[in-house]
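The values are calculated or read from the model by the stated rules, or taken from the named source; none is laboratory data. None of these values were measured; they are calculated from a predicted model. With ideal geometry, Cβ positions are generated from the backbone for all residues, glycine too; neighbour counts draw on all protein chains shown. Note: areas computed on protein heavy atoms with side chains; ligands, DNA, RNA excluded. Shrake-Rupley method; radii C 1.70, N 1.55, O 1.52, S 1.80 Å.
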Amino acid sequence: KMTQQMRDLQLAQARKPPGPSSPNAAKRLYRNLSGKFRVNYTSFDEGSLAGRGEKEKLRKSYLFQSNAALFEAVELQDLDRVQELLKQYSPEELDLNTPNSEGLLPLDIAIMTNNAPIARALLQAGAKESPHFVSLESRSLHLSTLVREAEQRVNELTAQVVNEAPNADCSEKEKQLKAWEWRYRLYKRMKAGFEHARVPDAPSNVHLSVASSSSVQVTFWEPLSVNSAIVTKYKVEWSCSPTFSPLLGEAVIDKLKNLHFTIRGLVSGTAYYVQVSAYNMKGWGPPQASVPPFAIPSNWREYDGRAPRRRGQAEALDHLLSQVKTVHQHCVCHEPCKNQPQSRKHSVSKSLKHLFHPGSKFLKMLKRGLYLTAIFYKDDNILVTHEDQIPVVEIDDTYSCLLMQDFLWFTKVSCMWDEILWLRQCVTVSQSSCSCILQTRFKMLLAISQMQGLLGIQDLGQVFFEPVKDKQGNILIVTLKEVKTNQTFESVRWVPICKLQTSRKSVSSPEEPTALDTLLISIQEKLAYHQRSSHALSPGLYLGYLKLCSAVDQIRVLVPERLPNILCHVKIRSNPNISREEWEWLQKMASVEEPVPAEPEAEISQNHLFQELQVAIKELMTLVNIPLQEAKDFRLYSQEVLDFGGQVSFLLLLPPSDDVCTAPGQNNPYTPRSGFLMLPLQIFELGEE
């Protein structure tokens, strides 16, 4: 080994280029090279630092110019320019709340010139008033000083322009004079705006509602009067006394994008009074008491002490699944795996070989049978095989009629994409029973495993609510998944959807389209359905309409196309909570045999809910195309409020008992307008989860 190393060293030295002819030459070469490298390195480092410094200077200069541009736009009352700058830069980049040399902020100029549109735009962006104005006197004194100094400067420049002969300096002085005259007029207008302003009126439409068993929410609008100065903040006060003495708490709201506030940490069952007042540059205006004047934190569940329906359900299901897995570890199908890790590895490698077997490939064309296709899309692109086909694998070539129960079973399996191998092992043991249903479902699991192996991904997405069929006897079960990251897949590539549709049209038969042709023709609709089914409702209380339609093998439910994972609905209000008092009133109304009177004898809060329900019912009846006079036979589901995640809740409106579910052959006189789907109930339940 040592001999070989010596040989390598000698060979390397023999290959070296000839060196300098003398030691001095070597020193000169080293000195020159090191000098060059040292100079180059230093110049590169200093150059990069200088470049970064210049960029930072340019950036600061640019931001300073944008700050000056904002002040100029506010002073010139150029709303479009102000909105453009607020959209282009962040408040920090604009130094929105840093006073200028005169101690003013953009919001100060807007409110003292009474420019409401610009002031609102600045407030929406987070602008605040100058901290120098701690009192009315300090603001008045500051404005008087600005006016006096501007007037003095105008007088000085006027005297200089009059006394000096016309020259370049005189021309510059004239420009300065015009600028200061304009600024003098601006300061005088600001001072006059401040002197003529008055404190704001009380906020309007102050409404109080119960947000939970420990909180209340107050919403309000701006004061109705437009004669006072612009409101820049609001104050919410609460107390257990109608005289607000003692005061339990207060909160100042200076972010005016949404005029509402939730008071938290309250005691359930205690009445709280709330009032709101507005503030402008002249101070706080009078408070406005809420309607109703007080609210009692509570929740409808306190009426009968009912626990949430879904509490602990997910944990219980996980526990049940783990128990089932534990039991199945001792069954025959798992015996070869038990205490024999080598054989298990052998079976896994065998299954992997099966995936790369020539027969385990995507299909190019369909024969008569049942198939699985997976649609992965990103923006306007779709995943296809190298033959420009949508990925399709065979489930069963002898299956000509898909039973609805098998399809619904498949949709449930889609909730356990990661457990397919385990499910296959569990179903295998039952093959000896020769059950056609079990054999079909085992083949479904095999097809899923094959698709997962060919794509190199476990999650195949959501199952479309109905299979695609053709006259040749082909049936396609379709899964859909949106890819939002740059994820890589095996054996496939991305192509534009329009390109795929065009190429398919050139080879397909328009007279008798296959299931794949039908899928491609309607693929945009299916992608739209998939995207809409993942949308969530905004927080609030909704009124839902339950309408079912039964067939021989399934029950379908009416849903809107724009949100197929939710019942037909309209929004009642933004507060999702139903208080105990409101629920008691609803229970009372549900027990009355006669129609609900137009003006029930109830408290103001229940009257408010009654008015909200009246509006919502009218809107919902119009939406589903049912005459309003028929609503007298409808009823509210009074057993519970449907809660979804704590932020969305539903009251259900039900047709008469005989019309809740339309039987086969039964005539439905009121057909909903376009924009609705009749979704299989089991599919709807999965989507709603």
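Conditions tested, residue by residue: (1) open to solvent by less than 50 Å² (accessible area, probe 1.4 Å); (2) closer than 24 Å to A229 by Cβ; (3) at pLDDT 90 or above.
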| site | (1), (2), (3) |
| --- | --- |
| L76 | no, yes, yes |
| P117 | no, yes, yes |
| H132 | no, yes, no |
| A159 | yes, no, no |
Restricting segment 605-657 to residues that are free of Cβ contacts under 8 Å to residues at least 60 places away in the same chain, touching a Leu at 6+ places or on another chain (Cβ under 7 Å) and not small (G, A, S), the one nearest to Q587 (Cα to Cα) turns out to be L636
So, in segment 489-513, exactly how many residues are under 20 Å from V393 (Cβ atoms) and modelled with pLDDT under 85? 6
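In contact with a His (Cβ under 9 Å, 6 or more places away or on another chain) and of a type outside the set (D, E), is that true of V267? It would help to see each step written out before you state the result.
Details: in contact with a His (Cβ under 9 Å, 6 or more places away or on another chain): no; of a type outside the set (D, E): yes.
So V267 fails the test.
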Take the residues of segment 224-243 that are closer than 19 Å to L122 by Cβ and not in a strand (DSSP E or B): which is nearest to the chain's Cα centre (by Cα)? T232
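Which residues, counting only those in segment 221-244, are of a type in the set (S, T, N, Q) and open to solvent by 80 Å² or more (accessible area, probe 1.4 Å)?
Just the residues of segment 221-244 that are of a type in the set (S, T, N, Q), to begin with: 225, 227-228, 232, 239, 241, 243.
Answer for segment 221-244, where residues must be of a type in the set (S, T, N, Q) and open to solvent by 80 Å² or more (accessible area, probe 1.4 Å): N227, T243.
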Kindly indicate which of F464, F442 is modelled with pLDDT of 90 or more, aromatic (F, W, Y) and under 20 Å from I420 (Cα atoms). F464
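For every residue, the table says whether it meets (1) free of Cβ contacts under 8 Å to residues at least 60 places away in the same chain; (2) assigned to a loop (DSSP other than H, G, I, E, B); (3) open to solvent by less than 20 Å² (accessible area, probe 1.4 Å); (4) within 15 Å of I683 (Cα to Cα).
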{"site": "T518", "(1), (2), (3), (4)": "yes, no, no, no"}
{"site": "Q524", "(1), (2), (3), (4)": "yes, no, no, no"}
{"site": "H535", "(1), (2), (3), (4)": "yes, yes, no, no"}
{"site": "L541", "(1), (2), (3), (4)": "no, no, yes, no"}
{"site": "D553", "(1), (2), (3), (4)": "no, yes, no, yes"}
{"site": "R556", "(1), (2), (3), (4)": "no, no, no, yes"}
Which ones in segment 549-564 are among the acidic types (D, E) and either closer than 26 Å to A536 by Cα or at pLDDT 90 or above (or both)? E561
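May I ask you to verify whether I111 is over 34 Å from the mean Cα position of the chain (by Cα), modelled with pLDDT of 90 or more and assigned by the TED database to the domain that holds R189? Spell out how you get there, then give the answer.
Working: over 34 Å from the mean Cα position of the chain (by Cα): yes; modelled with pLDDT of 90 or more: yes; assigned by the TED database to the domain that holds R189: yes.
Criteria met by I111.
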Is it the case that segment 360-378 has a residue that's open to solvent by less than 60 Å² (accessible area, probe 1.4 Å), assigned by the TED database to the domain that holds L480, in contact with a Pro (Cβ under 6 Å, 6 or more places away or on another chain) and at pLDDT 85 or above? yes
For V147, state whether it is closer than 25 Å to Q77 by Cβ and touching a Phe, Trp or Tyr at 6+ places or on another chain (Cβ under 6 Å). yes
Lone unmet requirement of (1) part of a helix (DSSP H, G or I); (2) under 26 Å from A197 (Cβ atoms) for E84: (2)
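Is it the case, given these coordinates, that Q425 is under 29 Å from Q323 (Cα atoms) and at pLDDT 90 or above? Break it down into steps so the answer makes sense when it comes.
Values: under 29 Å from Q323 (Cα atoms): yes; at pLDDT 90 or above: no.
So Q425 fails the test.
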Subset of segment 263-293 (residues that are in a strand (DSSP E or B) and open to solvent by 10 Å² or more (accessible area, probe 1.4 Å)): Y272, Y273, Q275, Y279, G283, W284, Q288, A289, V291, P292, P293
Taking the residues in segment 619-674 that are modelled with pLDDT under 85 and within 31 Å of the chain's Cα centre (by Cα) as candidates, determine which candidate is least open to solvent (accessible area, probe 1.4 Å). P672
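Answer with yes or no whether L143 is under 19 Å from G103 (Cα atoms) and in contact with a strand residue (DSSP E or B) (Cβ under 9 Å, 6 or more places away or on another chain).
Values: under 19 Å from G103 (Cα atoms): yes; in contact with a strand residue (DSSP E or B) (Cβ under 9 Å, 6 or more places away or on another chain): no.
Here the answer is no, as L143 does not meet what is asked.
May I ask you to say which residue of T411, T398 is hydroxyl-bearing (S, T, Y), modelled with pLDDT of 85 or more and either in a strand (DSSP E or B) or on the phi < 0 side of the Ramachandran plot (or both)? Give the steps one after another, and end with the answer.
Numbers: T398 fails: modelled with pLDDT of 85 or more.
Residue meeting the stated conditions: T411.
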So, of the residues in segment 245-262 that are among the hydrophobic types (A, V, I, L, M, F, W, C) and under 30 Å from M190 (Cα atoms), which turns out to be surrounded by the fewest Cβ atoms within 10 Å (Cβ to Cβ)? V252
Checking V495 against (1) assigned to a helix (DSSP H, G or I); (2) over 25 Å from L681 (Cβ atoms); (3) open to solvent by less than 20 Å² (accessible area, probe 1.4 Å), the condition it does not meet: (1)
